[in-house]
Amino acid sequence: MLENSVKDLSGKAFRRIIRDYTNTRLKAIANGTLVTALLQSSSAVSLMVLAFVGAGIMSMENAIGVILGSNIGTTLTAWIVATLGFKIKIETFALPFIGTGAAGLILFKPGTRFYHINRLLIGFGFLFLGLDYMKTSVESFSQNFNPGQFQNLALWMCLLIGTVITALMQASAATIAITLAALNSQLMTFEMAAAMVIGANIGTTATVLLGAIGGSPPKKRVAGSHLAFNLVTGITAFAALPVMVMIVKIFIDVTVNGPVGLALFHTIFNITGVVIFLPIVKVMTNFLVKLFPERKTQLCVHITDTPAEEIEAAVVALKNEIIHLLQECQLYTLRSLHIDKTLVFEEPLPFEKGKKFQGYSTGF
C-alpha cells in the first residue's frame, strides 16, 4: 500500500526523473538512489527501467546506472527501521496513522490526491505496527529460546535463507526487517544477520527476472545486469564478510547497537558493489548486447533496399510492396480457412519463386 500510494502521488514525477535525468552514468546512479529511497522499492524502480528500455526511451548504459543506484537507495529502509523502530515506542504513532488514514479514505473520493495521502498514512501505520508486533513477539519468543541452538549455523546457510525468503516474498525490505528484529533480540549473531542481508540483496533479483521472462532482448539485458550486480556484490561481500564487519565495528558497537550496525553494513557493501561495477558498465553493456542480440525480422520485400532519394524507383517499390501486402493478406485468409492457395493463385507468387524471400509468410 505504501509503495502504490507513493507511485500514485508522484508516479509521473518518478518516471520523468528516470526518463529525463539519467543521461550520464553518475546522474543515473544518483537518481536511481533518490527514486528508490523515496519509493522504498528497488524492484519497482527496476521494473520501471525494464519498461523504459523495452520502449527504447532509455539506453542500456543509463539503465544499468539506475539499477546500481537503486541498490544504494534501498538501504534507507534498514536505516529507518534500525533508528526509529528500536529507539522509540512505535505504537504511539502507528495506530493514529492508521486511524487518521482510514477516516480519510471514507471522506475523500478515490483517485484524488488526499485519498492517496491517506493511503500513504495507513501504509506507514501498518509498516510500524507490523514492526512493533515483530519486535515484541520476537522478544517474547527469545525469553524461552536458547540462542545456542543456532550459534553453530553456518553463514552460508544464513545467506541461502535470506535469498530464498526474499525471492518468495518479493521484498528485501521485509527480510531485512525480520533480520533486524532477530538481531535486536539477540536470536542471531551480527555475522549471521549480515549474511542474511546479503542473501536478501541477491533474492530481490527474482522480481526483475520474472518481469523479463518472454520480454524483448533489451529487457533481458537489464534483468541480466541486475542479476550480475547483485550476485557479484553479494559474493564479494560474503567473501569479505570478516573485513566488512570489522569496518562496521570501528564506527558502531554492534553489541549495544546491532540494528544500526547492520544498516551501516548494508550500505557499505552496496556502495562497494557500485564502486566495483562503475568502471565496467560499458564492458558489461557490450557483453549483454552480444548475449541477448536483437533479431530483427525483415518484413518488407521491395522497399528495404530502395533509397528514398530515387523517387521513381521508390514509387515503383512502394507499389510492389502494397501488392505484396495484399497477396500476404490473401494467403493469410486462405491458410486460416484451410483452403489450398493454388485454387486462387495459378502460379507461384513473385516472392515465393526459388524461395528467395523465405520467412515472409511464416507465422501465419
Hey, can you tell me all the residues within the stretch 323-357 that are modelled with pLDDT of 75 or more, in a helix (DSSP H, G or I) and exposed (fewer than 12 other Cβ atoms within 10 Å of the Cβ)? L326, C329, S336, T342, L343
Subset of the stretch 167-187 (residues that are modelled with pLDDT of 80 or more and hydroxyl-bearing (S, T, Y)): T175, T179
Residue within the stretch 257-268 that is out of contact with any Phe, Trp or Tyr (no Cβ under 8 Å at 6 or more places or on another chain), touching a residue at least 12 places away in the same chain (Cβ under 8 Å) and open to solvent by 30 Å² or more (accessible area, probe 1.4 Å) present: yes
Among the residues of the stretch 205-251, write down those that are among the polar types (S, T, N, Q), more than 14 Å from H266 (Cα to Cα) and buried (at least 20 other Cβ atoms within 10 Å of the Cβ). T205, T207, S225
Given (1) closer than 30 Å to L183 by Cβ; (2) at pLDDT 70 or above, identify the lone condition not met by I88. (2)
Being β-branched (V, I, T) and modelled with pLDDT under 85 is true for just one of T74, T100. Which residue is that? T74
Consider T272 carefully, then state whether it is under 23 Å from L26 (Cβ atoms), in contact (Cβ under 8 Å) with a residue 12 or more places away in the chain and open to solvent by 30 Å² or more (accessible area, probe 1.4 Å). yes
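The values are calculated or read from the model by the stated rules, or taken from the named source; none is laboratory data. These figures come from a predicted structure and were not determined experimentally. Cβ sites come from the backbone with ideal geometry, for glycine too, and all protein chains shown count toward neighbours. Protein only, heavy atoms only, side chains kept; ligands, DNA and RNA dropped before computing areas. Shrake-Rupley method; radii C 1.70, N 1.55, O 1.52, S 1.80 Å.
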